[in-house]
Amino acid sequence: MHSKIRFLILLLCVACRHDTEVFLPEVEKVAEGEVLVDSASQAASNTFLPVYERVEGFYLLNEGNMGSNKSTLDYYDFSAGQYIRNIYGNANPHVPKELGDVGNDLAIYGGRLYAVINCSNKIEVMNSQTAERIGQVDIPNCRYIRFSGRYAYVTSYAGPVVISDEYKQRGYVARIDTATLQVVDTCVVGFQPDGLEIADGKIYVANSGGYRVNNYEHTLSVVDLQSFRELRRIPVSPNLHHVRLDNHGQLWVSSRGDYFAVPAKLYCVAVSTEEVTDSVDVAVSDFWLDGDSLYFYGTAWSYVSMDDEITYGIIDVKTHQIVSRGFITDGTVIKKPYGIAVNPLTKDIYLTDAKNYVNPGTLYCFDPAGKKKWSVRTGDIPAHIAFRGIPKKQ
Amino acid sequence: MAFTVICAGSLAATAQTVVDSTAIKLDDVVVWGSTNRKEIVPAQRLIGAELEALSSSSVGDAIRYFSGVQLKDYGGVGGLKTVDVRSMGTNHMGVFYDGIQLGNAQNGQVDLSKFSLDNVESISLYNGQKSDILQSAKDYAAAGVIYIRTRRPQFAEGKNYNVRASLKAGSFGVINPSFLWEQKWSARLNSSFNTEYLTATGKYKFRYRRVLSDGSTAWDTTAIRQNGDMEAFRLEGGLFGRLNDGVWNAKVYYYTSNKGIPGAIVNNVWKTSQRQWDHNFFAQGQMKKSWGRYELMLNGKFAWDYLHYLSPDTTSLYINNVFRQTEAYISVANHYSLCDQWDVAVTADYQFNALNADLANFVYPKRHTFLWAAASTFEWGRFKAMGNVIGTHAFDVTDVHRAQCVGKLTPALFLSFQPVSAITLRAYYKQSFRQPTFNDLYYTDIGNISLEPEFATQYNVGATCQKRFGQSWHFEGKVDAYFNKVDNKIVAIPKGSGQYRWMMMNIGKVKILGVDVSAQTEWNLLKDWTLNLTLNYTYQRARDYTDPTDNDPASGTWGGQIAYIPWHSGSVVGNLRYKRWMLNYSFIYVGERYHNSANIRQNHEEPWYTHDVKVGWNIHSLSLSLEINNLLNQQYDVVLNYPMPGRNWKCIVKYGF
């Protein structure tokens, strides 16, 4: 009789609804701890890319599938060799509905961590040491972020609407005062602007026109940083995505192509002349610049194999030559590479696998020789990585 | 013989007035009797008064009371509701409205929230198929079938018309009048006309809450569901005729709605602005006639559907698309009784579907489907068997693709045996498949023309026990254990906030092991007191065997329970009647589940359960009822980030003469 009652109580405990707890971070030891310090006292002169004296760890932003509200933040700690999954809830237990829906970009600037949360229409601003929330900036359909001086610049698809049969909607770049977290100015650019880069007093914005199938944008917008007005357009190729500046005054611009006649490709634009100087015939989904090396991966649908064809490689930004085709050398198979980063000190390569977009993803770490060092489960659609460290004074 | 089978199969009929139930049963005997005696797999059924007693406004709500069923419900008055039976997926279910399948070649999903219960007489669910030999090939083809049957005119002695008006009003700003007029024109011809209007603001409070590990509140937020407003209008007219040794009926159906799509509740987004306009029209007819041992059934249908979807949200992709679907269908079924024990049937169907959309790069697909079925039933004493084979030949033609052809043969075998009069044992094996839909294949940017058909294989064993104890107590219990396998599963992941847009993935293999248990009992307690009690329980282990490499025991999807399928679910319905009074209590339980087959904490969903109560009173031609649903005001999601309504109420007035 007693056991029956116990069984009933147990049954009720299992069968009944419980309050859902805020997620506690899950810690996984994935590697031996290491201290990443650059012993060279002097930084190379005149580099645009960040140079670190010490790298403590990196944040990884998981996008989460649209509508799932499952964008999450993970952190890798080098000194402990620990991967800490889902840190936002614990750092900010009182924020309703957590980090938000579809994280699209992540950056550290001035001791703060900025996460661009696309479908939550906001930039989440956090302390870069603790991931504690400082505030948010509301920008509808925000995409990518860059910084200059006291301002952050964010691209958004949600510019002014032209009500017509075609329903045109230009995008814009928002200028955010990082001190007040207010949008202080906007500059209208092309349709559906994605990546942006700041070089030589100008903002270069990759217009995609991604909402306009068969009528994509094909230009970079040049915006004057001072007047914050669009100066001109640089024609490149349809459906531009990422744009990044290397240490040689060159912008590397990826084009998605139009999915029909024009293939995806990587373009090089000289900042001095504001003209396309070269192109590399590879389909690039995303890339990471480290010194003179441009690490890229590309996924292109093949109607021959009826599958994604995945390519990896390294381009020397000085010679524009592909110096490596495939930086994974141990046969590790990644189903859907979705994010890339290179450790500025060890040159280890971090690649994320978004798999089928709904299952938890995986983060892989490869050594510079292309051998897998470790891998770890992430959140859904692991995508954007930002290193935390102490930059070198130049 | 036929009479007793039907009587046992429909307990609820006893709750109706004597005149009514006799009429229904007699009619049933005339129309269906010759075939029903060979029913091998019993249906789960909700009929007449039983259906009316439940707090349900749409077919989708009512279907939750069947075992083996999971309803995907996006919440609110106009929220999408699709049914998944035994975890094989919505697209494997055939939903039939007055005998002919409701189609949706575009996405294959029948939104059961659109079908009001106002004029519905019965809902039946068959696992496998209805073991009626005279049926269309489409009746044979699906993995399981739901039959929605609207009320057919019945007239009391000496009366040649029925008029009924009703008004429902309640939470969410619902105002829902309806009108029914039935006329007997001659002994051979009746007509029915029914119309309904619904308006609702769709607003309701919902609450999300999280706690810290010590149980204290971390955050707690309450908001009002926005953009769930709805306006809908339905018109149905039918003619019901008798022939010498036969019957025919013809009907037209029109439904239109204009509704907001409330969307997912995510951080910083508490309101959406998507809208949808629907027009659904169909005209269909059915004729059955017998000549001695030969019986013929003809079915025909023409359907036209219009869907206008608008996403005017200036912060995201502007979408303004119109989809038009056309369907034409014809079926010829032939049945011949070789002898009293042995029947054979041959059926042929043809269906045409076309989809037209104003999407960029759209390919305007058209599909021709030929189906045929050859079936036989055999009855030998207490043993019954039914076997059939279905051939499906379909080809698609589009503006840019060559014809895509599919040709498949799928067999099925059903057996039953009655060792003693109270117990019936059964077993079946069935293969079926579903075609990729037009969206799966051709939707611009999402569609994947390399998709394969999705296969389902079912093995089922079960038993039914029926017993009557004296005059006052009747009991029926059913138990079924089954193993299903779904191969080449096409998985739809919602893309964006629009509920009908998906991203297609032809992944998958699912193995489902399940047990359905149901028990139904009726007591005539004292003079004038009647108690009905129905219990349903479902256990399902539906495991994902898609990706053998994703096999981490703690977090891998390999072997994980598939999305939104609880291990345990069930329902309890109690109905008490005393003279003019009726009290109904219903409880639905859906156990813990995951919204992804990676069964990790982040994907975990808590159980939910609702208690609904309804009180009714009637005198002659007037009936009043009041229902209170989700009595304990539980706050839950059926689908992640789509909050369901808390406590809500409705009152119903019906007047007929």
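A loss of 40 Å² or more of accessible area (1.4 Å probe, protein heavy atoms, ligands and nucleic acids excluded) relative to the isolated chain is seen in these residues of segment B:293-323: B:Thr314, B:Thr315, B:Leu317, B:Tyr318.
In the protein assembly as shown, Rg over Rh equals 1.01, where Rg is the alpha-carbon radius of gyration and Rh the Kirkwood radius from pairwise Cα distances.
Helical runs (DSSP H, four residues minimum) scored at -39500 (n - 2.57) apiece and divided by the length of the protein assembly as shown put the mean residue ellipticity at 222 nm at -1500 deg cm²/dmol. Using a 1.4 Å probe on protein heavy atoms only, how many Å² of accessible area do A and B hide from each other, summed over both chains and rounded to 100? For A against B, buried area totals roughly 4600 Å². Annotation: per residue accessible area for the protein assembly as shown equals 40 Å², rounded to a whole number [probe 1.4 Å, protein chains only]. Of B:Lys72/B:Lys511; A:Lys265/A:Lys347; A:Lys4/B:Lys81, which pairs sit farther than 27 Å apart, going by alpha carbon to alpha carbon? Checking Cα-Cα distances, A:Lys4/B:Lys81 exceed 27 Å. A simple spin-label model places the labels of B:Lys271 and B:Arg580 4.7 nm from each other, with each point 7 Å out along Cα-to-Cβ. Using the Cβ-Cβ distance between B:Phe483 and A:Glu28 with R0 set to 35 Å, the FRET efficiency works out to roughly 0.45.
Extension gain, A:Lys393-A:Asp77: 0.36 nm per intervening residue step, less the Cα-Cα distance, totals 111.5 nm. By the rule of a C-alpha distance below 20 Å, with chain neighbours fewer than 8 residues away ignored, the lysines paired with B:Lys579 are B:Lys527, B:Lys614, B:Lys654.
Order the peptides B:547-554, B:175-182 from the highest to the lowest mean number of other Cβ atoms within 10 Å of their residues. Numbers along the way, then the final one.
Values: B:547-554: 12.6, B:175-182: 18.0.
Descending packing order for the listed peptides: B:175-182, B:547-554.
Between B:Val346 and B:Thr314, the modelled label-to-label distance comes to 6.6 nm, taking each label 7 Å out from Cα in the direction of the beta carbon. Between the listed residues A:Leu24, A:Asn141, A:Phe387, the Cα displaced farthest toward the positive end of the dipole of chain A, a dipole computed from Cβ unit charges relative to the Cα centre, is found at A:Leu24. Between B:Val406 and B:Leu189, full extension at 0.36 nm per residue minus the direct alpha carbon distance yields a gain of 73.9 nm. Where a ≥ b ≥ c are the square roots of the eigenvalues of the C-alpha gyration tensor, would you call segment A:4-124 rounded, which needs a/c under 1.5, or, failing that, prolate if a/b is larger than b/c, or oblate? Taking the square roots of the gyration eigenvalues as a ≥ b ≥ c, segment A:4-124 is oblate. Give me the Debye-computed log₁₀ of I(q)/I(0) at q = 0.14, 0.25 Å⁻¹ for segment B:605-657, equal point scatterers on Cα only, no solvent, two decimals. Evaluating at q = 0.14, 0.25 Å⁻¹ gives log10 I(q)/I(0) of -0.49, -0.90.
How much length is gained on full extension from A:Val188 to A:Lys371, taking 0.36 nm per residue of separation minus their Cα-Cα distance?
Values: separation 183, 0.36 × 183 = 65.88 nm, distance 4.52 nm.
Contour length minus the Cα-Cα distance gives 61.4 nm.
How much net charge surrounds B:Lys301 when only the other residues with a Cβ under 11 Å from the Cβ of B:Lys301 are counted, with Lys and Arg +1 and Asp and Glu -1? Don't jump to the answer; show the numbers that get you there.
On the way: positive: B:Lys138, B:Lys251; negative: B:Asp98, B:Glu327, B:Asp349.
So the environment of B:Lys301 carries a net charge of -1.
For B:Lys159, the aspartates and glutamates whose Cα comes closer than 15 Å to its Cα, not counting residues fewer than 8 places off in the same chain, are B:Asp20, B:Glu182. Once the C-beta distance of A:Val162 and B:Ala354 is scaled by a Förster radius of 22 Å, the resulting FRET efficiency is 0.05 to the nearest 0.05.
Cross-link partners for A:Lys318 among the aspartates and glutamates, with Cα-Cα distance under 15 Å and sequence neighbours closer than 8 places in the same chain left out: A:Asp246, A:Asp278, A:Asp290, A:Asp292.
Kindly rank B:398-409, B:241-252, B:118-129 from highest to lowest mean number of other beta carbons found within 10 Å of each residue.
By packing density, highest mean first, the sequence is B:118-129, B:241-252, B:398-409.
Ranking A:Leu351, B:Leu189 from most to least accessible surface, computed with a 1.4 Å probe over the protein chains only, gives B:Leu189, A:Leu351.
What whole-number distance in Å separates the alpha-carbon centres of segment A:17-88 and segment B:540-615? The two parts, judged by their Cα centres, are 36 Å apart.
The calculated FRET efficiency for the pair B:Arg468 and B:Trp380, based on their C-beta separation and a Förster distance of 25 Å, comes to about 0.45. For the protein assembly as shown, carbon and sulfur atoms together expose 57% of the accessible surface, with a 1.4 angstrom probe and every protein chain in place.
Have a look at segment A:204-224 and report residues whose accessible surface goes down by 40 Å² or more when the remaining protein chains are included, against the chain on its own, probe 1.4 Å, ligands and DNA/RNA excluded. Buried by 40 Å² or more upon assembly, which counts only protein chains, are A:Tyr211, A:Val213.
The values are calculated or read from the model by the stated rules, or taken from the named source; none is laboratory data. Owing to the predicted nature of the structure, the values given are computational and were not obtained by experimental measurement. No Cβ is skipped: glycine too gets one built from the backbone with ideal geometry, and neighbour counts run over all protein chains shown. Ligands, DNA and RNA are excluded from the accessible area calculation, which covers all protein heavy atoms including side chains. Shrake-Rupley method; radii C 1.70, N 1.55, O 1.52, S 1.80 Å.
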